[in-house]
2 protein chains.
Amino acid sequence: MALIVQKFGGTSVGSIDHIQNVANRVIEEKNNGNDVVVVVSAMGKTTDKLVGMARELSTNPSRREMDMLLSTGEQVTISLLTIALNAKGYAATSLTGWQAGIKTEAVHGDARITDIDASIVSKEISEGKIVIVAGFQGLAEGGAITTLGRGGSDTTAVALAAALKAEKCDIYTDVTGVFTTDPRYVKNARKLSVISYDEMLELANLGAGVLHPRAVEFAKNYQVSLEVRSSMEKESGTLIKEEIDMEQNLVVRGVAFEDDITRVTILGLSNSLTGLSSIFSLLAKNHINVDIIIQSITESNPASLSFSIKNEDLTETVKILEKHRDELQYESIEWESQLAKISIVGSGMISNPGVAAEMFNVLSQNQIQVKMVSTSEIKVSAVIDQRKMLEAAQILHDAFELSGKLVNS
Amino acid sequence: MALIVQKFGGTSVGSIDHIQNVANRVIEEKNNGNDVVVVVSAMGKTTDKLVGMARELSTNPSRREMDMLLSTGEQVTISLLTIALNAKGYAATSLTGWQAGIKTEAVHGDARITDIDASIVSKEISEGKIVIVAGFQGLAEGGAITTLGRGGSDTTAVALAAALKAEKCDIYTDVTGVFTTDPRYVKNARKLSVISYDEMLELANLGAGVLHPRAVEFAKNYQVSLEVRSSMEKESGTLIKEEIDMEQNLVVRGVAFEDDITRVTILGLSNSLTGLSSIFSLLAKNHINVDIIIQSITESNPASLSFSIKNEDLTETVKILEKHRDELQYESIEWESQLAKISIVGSGMISNPGVAAEMFNVLSQNQIQVKMVSTSEIKVSAVIDQRKMLEAAQILHDAFELSGKLVNS
């Protein structure tokens, strides 16, 4: 008898009917002869509604109190799902984060799980029960309720799977798996049957949005096999695990893209030694998320520097930089908005150094100008004109034969 | 510096505006130089909405899961009220039942508080914070969330006041206090400035509905001074405490009434010895609430027996009695519906045995026939025709001079 952890997100439990559907998926797994632990999020728009009420009372509500407020969302779902399972004749019990022994840092709104006392859930399983655990929440030392931040329920599921040494953690969502690229925009996008943790991490960070990077990291660290699959359809999803049979593998396994990017360039930076760290410390302190950073190639003084940010952060970024102009010692700032980032991802790149060149070649053949480049061992990203983004995604998806038969399936 | 416990019910916290109003009442008390602990219920119709969702999933949801579900209601209120207080510049912190150290029996839906670890709340108070505690809920041994049943938030407030040795427990509600009778129906009903625990207990049991009897009992056992007052208006309410200056007191302090009562009579009960206990065990087992019981005065055999129930329980009661006719050994059942119970309450009755006689005298002078009578040390109840109920209430209220100047004020 294997132990399976299942996770269902907010959309999957968004109504009473949806909860009935989830109950049926849980029962299927139980009837397969498995022990089942289920992690659920708050129902649909519950969190937004609670946040709305708090905002009516305060522009800056305490994060401790927001955790107290928001953690009720999952607590409602766990009891309703348990009631649904009981009504269908299955023994089940619900546990909040603190009841399930999920310990976190004493940080509100974005805590990390520090420990799980698996004995509590194990005891309920040993009594034959299906155990329903509230995702997204835990208990800090001192007894306060904490929440895990975005993607928190994914993390709860993976952490529980690790603590319980589960055979598998199934992440049920509104898509059927991880695709070679976004099927809404690119023809012939294919569902991958398997993908490595590192590839998934790059895709997650690039906005594929299926799984939160923190959950993938956690799964990688504890070697938890994940499967991303649909809560509405029966087909199998995408398995995420460490080892992939490389022979079946293409070098490039996915194309990710993201728009609304601005490139900011700082010219005439007289102190290139301390300038870099001063600028990015300043932006980080103001919660501006900087993605790609490129310093001028020559070691000339004054140097210049480019970095990419989200369009929405441009006004604030310029304001901050201008305010600290004297201290940062630069001549001028330039920027270009309406850009996009397109990336190819694949573990095979490590042993295939020509992949980046091929990407640039394909883009150049199609008159798509590359404005910034960033590479990691298993990813190449290029910043291009936003209007060319979908075209570039389609061209790269075709060029690297991602829709072809060679994708493992 | 005194410690005051304040309790606000569901109507008082039914909207964001109402929560703002509650925050202002709390701040007033704090600004008076007092330490303040606040107990709140779930917002308005929240509990009904949660129950509705559970009922969609099951006709008979587990009581453990219902407690898990319903306890989220108060948790939402405590965080919102704390956010409101913070926004107004006051240090405050919210605590769920389990966080506040409220221990209960391991019974779901109707648990009794067994112990409170006051050190947790005391520590927050000592740091200068207003402490907001979720009413109606606690923690059973083993770690399950429990709820206290009807009037549970009143009980939480009184129990906390006892554990913290608070100077006073203020119960804020939608009425301005305890009245000599129901002011919606009886002219010249007067608010009492003070009433004893026992009198309040009788009035609470008689459907005055202001305070739950369990909370009053708790207050009496631990000698907690209560005040029932309005959350919307500033006037002082009714103080409930042990000792009342009897010289200021009238013998009768209140007139309570309740309609929709049926009298059931069992005739020809051949085994009067065991019949009584058999009948009432049977009815109790079937959750039929029996109020007044009268056995035939003569010791004739077969005996007869009358008791009063709510109209709504009549069909079920007759069904049960007929099903067990052979075993109970009686000849026939009769009943009369559309009756009402009218009661006079007052500690002064203990030393004034003529009060019951005066009540019957007044009723008889007004051609109101008494069909059943029940008395306790501080209460006399009569069952009468329902159509005469309000008339009787007015007559008794006048006869015992409850609207007069002698009521302490």
query: Within the set of pairs 6 or more residues apart or between chains, which connect a residue that is open to solvent by 80 Å² or more (accessible area, probe 1.4 Å) inside region A:110-123 to a residue that is not acidic (Asp, Glu) with Cβ atoms less than 7 Å apart?
result: A:112/A:104; A:114/A:103; A:114/A:104; A:115/A:103
statement: The one condition residue A:126 fails out of (1) of a type in the set (S, T, N, Q); (2) under 27 Å from residue B:121 (Cα atoms); (3) open to solvent by 10 Å² or more (accessible area, probe 1.4 Å) is (2)
Answer from B:278, B:337 - the residue that is polar (S, T, N, Q) and more than 24 Å from residue B:259 (Cα to Cα): B:278
- request: Could you please find all residues in region A:352-387 being among the polar types (S, T, N, Q), touching a residue at least 12 places away in the same chain (Cβ under 8 Å) and part of a loop (DSSP other than H, G, I, E, B)?
  value: A:352, A:366, A:369
query: Which ranges mark the helices (runs of 4 or more DSSP H) fully within region B:133-242 that have 2 or more residues being over 14 Å from the mean Cα position of the chain (by Cα)?
result: B:152-163, B:213-222
field: Within region B:251-270, considering residues that are open to solvent by 30 Å² or more (accessible area, probe 1.4 Å) and of a type in the set (A, V, I, L, M, F, W, C), the one modelled with the highest pLDDT
entry: B:257
- prompt: Quick one: which of A:350, A:309 is of a type outside the set (Lys, Arg) and touching a helix residue (DSSP H, G or I) at 6+ places or on another chain (Cβ under 9 Å)?
  reply: A:309
field: Search result, residues across region B:319-335 that are within 17 Å of residue B:285 (Cβ to Cβ) and free of Cβ contacts under 8 Å to residues at least 24 places away in the same chain
entry: B:319, B:322, B:323, B:325
field: Filter pass, residue B:364 being over 26 Å from the mean Cα position of the chain (by Cα), over 16 Å from residue B:290 (Cα atoms) and not assigned by TED's automatic domain parsing to the domain that holds residue B:198
entry: yes
- prompt: Looking at (1) within 20 Å of residue B:159 (Cβ to Cβ); (2) more than 14 Å from every other protein chain (Cβ to nearest Cβ); (3) open to solvent by 10 Å² or more (accessible area, probe 1.4 Å), which is the one condition that is false for residue B:1?
  reply: (1)
Residue A:339 being within 26 Å of the chain's Cα centre (by Cα) and open to solvent by less than 60 Å² (accessible area, probe 1.4 Å): yes
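Every residue, every condition in (1) closer than 29 Å to residue A:53 by Cβ; (2) charged (D, E, K, R); (3) in contact with a Cys (Cβ under 6 Å, 6 or more places away or on another chain), yes or no:
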position: B:79; (1), (2), (3): yes, no, no
position: B:84; (1), (2), (3): yes, no, no
position: B:90; (1), (2), (3): yes, no, no
position: B:97; (1), (2), (3): yes, no, no
position: B:103; (1), (2), (3): no, yes, no
position: B:115; (1), (2), (3): no, yes, no
position: B:119; (1), (2), (3): no, no, no
task: Answer yes if at least one residue in region B:4-20 is within 12 Å of chain A (Cβ to nearest Cβ), within 20 Å of residue A:52 (Cα to Cα) and charged (D, E, K, R), and no otherwise.
output: yes
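One line per residue, one yes/no per condition, for (1) away from chain B (no Cβ under 14 Å); (2) in contact with a His (Cβ under 8 Å, 6 or more places away or on another chain); (3) open to solvent by less than 30 Å² (accessible area, probe 1.4 Å); (4) at pLDDT below 95:
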position: A:104; (1), (2), (3), (4): yes, no, yes, no
position: A:144; (1), (2), (3), (4): no, yes, yes, no
position: A:185; (1), (2), (3), (4): yes, no, no, yes
position: A:189; (1), (2), (3), (4): yes, yes, yes, yes
position: A:192; (1), (2), (3), (4): yes, no, yes, yes
query: Given the structure, is residue A:96 within 12 Å of chain B (Cβ to nearest Cβ) and open to solvent by less than 10 Å² (accessible area, probe 1.4 Å)?
result: yes
- prompt: Restricting attention to region B:49-82, which residues are open to solvent by 10 Å² or more (accessible area, probe 1.4 Å) and acidic (Asp, Glu)?
  reply: B:56
- request: Could you check how many residues of region A:35-91 are among the polar types (S, T, N, Q) and more than 9 Å from chain B (Cβ to nearest Cβ)?
  value: 4
query: Does region A:357-397 hold any residues that are farther than 19 Å from residue A:337 by Cα and buried (at least 17 other Cβ atoms within 10 Å of the Cβ), and which are they?
result: A:358, A:359, A:362, A:363, A:378, A:379, A:380, A:393, A:394, A:395, A:396, A:397
- prompt: open to solvent by 40 Å² or more (accessible area, probe 1.4 Å), charged (D, E, K, R) and in a helix (DSSP H, G or I): does that describe residue A:322?
  reply: yes
query: So which residues in region B:345-391 are of a type in the set (Gly, Ala, Ser) and at pLDDT 85 or above, if there are any at all?
result: B:346, B:356, B:357, B:364, B:374, B:381, B:382
message: Conditions first: (1) open to solvent by 70 Å² or more (accessible area, probe 1.4 Å); (2) part of a helix (DSSP H, G or I); (3) not aromatic (Phe, Trp, Tyr). Residue B:279 passes all but one, so which condition is the exception?
response: (1)
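The values are calculated or read from the model by the stated rules, or taken from the named source; none is laboratory data. The structure presented is a predicted model; accordingly, all values stated were derived computationally and were not measured. Backbone-built Cβ (ideal geometry, glycine too); neighbour counts: all protein chains shown. Just so you know, the surface numbers come from the protein's heavy atoms only, side chains and all, with ligands and any DNA or RNA stripped out. Shrake-Rupley method; radii C 1.70, N 1.55, O 1.52, S 1.80 Å.
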